[in-house]
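The values are calculated or read from the model by the stated rules, or taken from the named source; none is laboratory data. Only a predicted model underlies this, so the values are computations on that prediction, with no experimental measurement involved. Heads up, the Cβs are rebuilt from the backbone with ideal geometry, glycines too, and the neighbour counts pull from every protein chain shown. What goes into the accessible areas is simple: the full protein's heavy atoms, side chains included, and nothing from ligands, DNA or RNA. Shrake-Rupley method; radii C 1.70, N 1.55, O 1.52, S 1.80 Å.
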Amino acid sequence: DTEALQNAIAGIVSTGGNYLDLPSGTYLTNKLAIPTKFTLRGNGKNSVIKLQYYATDATRIGTAGTAAYNLSFDGNLVGAAITNSTDVTIADLTFDGNSSNNLLFTLESENNLLTFAGGTSMLFKDMEIRNSSGGGLYARNSRRISIENSTIVDGGQTDRYNEFRPLDVQSSETVRINDTLFE
């Protein structure tokens, strides 16, 4: 579902929109890039974005030469489409890293389900992050992050490395975490 989801987001942004509402279902994907000033919302535990089985593809279906055509070779599932994105909201979704069917990568920044480092004014609400090969949400050096009513569980395939954290917001300014379970 990588191509369909990325095309839906690109289509909405091209018409001036900033919101995608995912219906119930499980969406298998390699990478998903969220644009700045964009909201991705699902239907709670019924909307699951799941990392594709052995998601190590270097390219995706689509038009060669476009920025989204080449995929980064890492274990990150969802991230910002640009560096230092602003006003990103992700709500009412479940992110499943499918850890038993994926690989660990070399750097700690390559093994997180959600990666939004350097962002500003980001809201993560009513979501679940589960089965990550490494960390859950990576948002170092960010400003104004809110995590509300969420769950980050069953992450890290191994205890061998100490850099796998459910939440990594080191060197961030104004981090608010309310009613969130880490397990």
Handout entry: Conditions (1) touching a Ser or Thr at 6+ places or on another chain (Cβ under 6 Å); (2) farther than 27 Å from Asn111 by Cβ; (3) free of Cβ contacts under 8 Å to residues at least 40 places away in the same chain; number of the one not met by Asn18
Key = (1)
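Do the conditions hold for Phe116, that is, is it modelled with pLDDT under 85 and open to solvent by less than 50 Å² (accessible area, probe 1.4 Å)? Can you show your working first?
Details: modelled with pLDDT under 85: no; open to solvent by less than 50 Å² (accessible area, probe 1.4 Å): yes.
When the stated conditions are applied, Phe116 does not pass them.
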Problem - Residue in segment 128-138 that is open to solvent by 10 Å² or more (accessible area, probe 1.4 Å), part of a loop (DSSP other than H, G, I, E, B) and under 19 Å from Thr86 (Cα atoms) present - result: no
Handout entry: Subset of segment 141-163 that is more than 21 Å from Asp126 (Cα to Cα) and open to solvent by 40 Å² or more (accessible area, probe 1.4 Å) - its residue that is modelled with the highest pLDDT
Key = Asn141
Practice task
Enumerate the pairs (first residue in segment 1-13 and modelled with pLDDT of 90 or more; second residue anywhere and of a type outside the set (Phe, Trp, Tyr) and exposed (fewer than 13 other Cβ atoms within 10 Å of the Cβ)) with beta-carbon separation below 7 Å, excluding pairs fewer than 6 apart on the same chain, so at least 6 apart or on different chains.
Solution key: none
Practice task
Of all residues in segment 27-41, count the ones that are assigned to a strand (DSSP E or B), open to solvent by 30 Å² or more (accessible area, probe 1.4 Å) and in contact (Cβ under 8 Å) with a residue 40 or more places away in the chain.
Solution key: 2
